Each structure stands twice: as C-alpha cells, then as structure tokens.
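Below is one structure; the comments refer to it alone.
The values are calculated or read from the model by the stated rules, or taken from the named source; none is laboratory data. These numbers were taken from a predicted model, which means no experiment stands behind them. Here the Cβ positions follow ideal geometry from the backbone for every residue, glycine too, while neighbour counts run over all protein chains shown.
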Amino acid sequence: MAVLRQLYDLAWWLVDFILHFDRHLTDFFNAYGGWTYALLFAIIFCETGLVIFPILPGDSLLFAVGAFTAEGKGLDYLSCLLLLSFAAVLGDTVNYTIGHKIGPAIFTKEGSQHGFARLLNKKHLDRTHAFYEKHGGKTIIIARFIPIIRTFAPFVAGIGAMSYRRFISYNVIGGVAWVCLFVSAGHFFGGLEFVKQNFTLVIMAIIIISVLPAVYEGGRGYLEARRSKAESPPAAPPAPGGTP
C-alpha cells in the first residue's frame, strides 16, 4: 500500500507540475535564479533525448517559458530560444545515436529480454514506426509537435530508417521550429489578460490539441487492424485422418 500511495502522490505531483508549470517556474527562479536555464535545458533534452521519458512536458513548458519571458522577471526571450533549440536538437541527436547503437540488437528475440528493452513501450515504438512509414523523413519534423511520438521518432530513425546526414537536417529544422513556435506563442500571447486568468485551461488545451494527432493515428491503426483481421479468410480445417 505504501508503494501505491507513493505512486499516486507522484502522479498527482506530475499533473500539478504540468498544469501549473508557470507557478513552479516562478518559485524555482526566485530560489535558484540563473540555474533555471539549466533546469529547462535538462527537461527539453530528456524529453527529446531519452526514449524512456516520453511523458515530460514539452509544448506546455515552452509556452509557459515564453509567457514568463514576457513578464520581464529574469528569463531572456532570445536566450531561451537559442538554449532550448540547442537542447531539442542535441536531445534528438542523442536519441538517434542510442537507436543506431543498440536499437537493432534489443529487438531481436534475445535482445528483447535486455533490461533496457523492457523499459520501452513496444506499442509506442510500433506506432511511431507506422507513422514513419507513412510520412517518411518529414516524421522528424512533424513528430516534434506530437507528444510521445517525438520522443520515439529519432530512436526509430537511428535503428536504420535514415542516414545521419539526412536526419540532422530534419532534426535542426524541426527542433528550431518547435521551440520558436511555442516559446514565441507564450511570449506574445501569454501576457493577454484572458490567458493570464485562465492559464491552466490554456495549458490543458495545448496538451489536448497536441495529443489529438497521436490519438487519431492510433485509433485509425486499431480500426484498420480489426478490419484486416475480419476480412482475412478463416483457417482451413485439418484434413480427416491428418496429423493433429
């Protein structure tokens, strides 16, 4: 029971951290000042660079950071754009490298028993691979704006779907576009009175809109799999007197 209670508390803390990141960001900056840049860098890097951390806040964090820079309380707008863009690009590069080095091995029968493989969500990987098959190299850019898939996309690319030279160009374009879009949206619109009074609702809306494409793709894949299964012919019965 104690472990379940701790997991429950951790889950609610994570929800509160994401929905009220603006408040937590203010508290952290007041306590640690310039170290806030390091915290933001670490969160963006871990979400994009470590395939076992797909649930860290990305879009909502960037928007909240942009809104914070508009208030003139200490974080610099241009510094955040440069630093977090670098974190996003570096994170995807590390993720690609991990996929390239160990990805093929852990998806063999023997490698699937590896401790690292057990930390991965196979359904997320399969979904990302299907997304990759449909959109090709553009996946690295598109995936930046889709939670969970953006964490697995560079890992899948590193397994063998894309050369590094091609990957890095998509990586830079997607990473810079993702950071600049959400930080700038927060910087220029986060100070509006309506947004300030309903900041939690705005963050929830960003999260919901962000996950809709992934939900749509997952739902469509599920329906197509069921349709394919229903249309497949039934297995032929064994011949009389045959080997059971």
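In the list 194, 167, which residue meets the criterion of being hydrophobic (A, V, I, L, M, F, W, C), assigned to a helix (DSSP H, G or I), at pLDDT 80 or above and exposed (fewer than 11 other Cβ atoms within 10 Å of the Cβ)?
Of 194, 167, the one residue that is hydrophobic (A, V, I, L, M, F, W, C), assigned to a helix (DSSP H, G or I), at pLDDT 80 or above and exposed (fewer than 11 other Cβ atoms within 10 Å of the Cβ) is 194.
Filter the stretch 138-163 for residues that are part of a helix (DSSP H, G or I) and either of a type in the set (Val, Ile, Thr) or farther than 14 Å from residue 91 by Cβ (or both) and give the result.
Across the stretch 138-163, the qualifying residues are 138, 139, 140, 141, 142, 145, 149, 151, 156, 159, 160, 161.
Does the stretch 188-209 hold any residues that are free of Cβ contacts under 8 Å to residues at least 12 places away in the same chain and under 13 Å from residue 60 (Cα atoms), and which are they?
201, 205, 208, 209
Of all residues in the stretch 170-191 being assigned to a helix (DSSP H, G or I) and touching a Gly at 6+ places or on another chain (Cβ under 7 Å), which is nearest to residue 143 (Cα to Cα)?
170
Determine, yes or no, whether residue 219 is out of contact with any strand residue (DSSP E or B) (no Cβ under 6 Å at 6 or more places or on another chain), modelled with pLDDT under 85 and assigned to a helix (DSSP H, G or I).
So residue 219 fits the description; yes.
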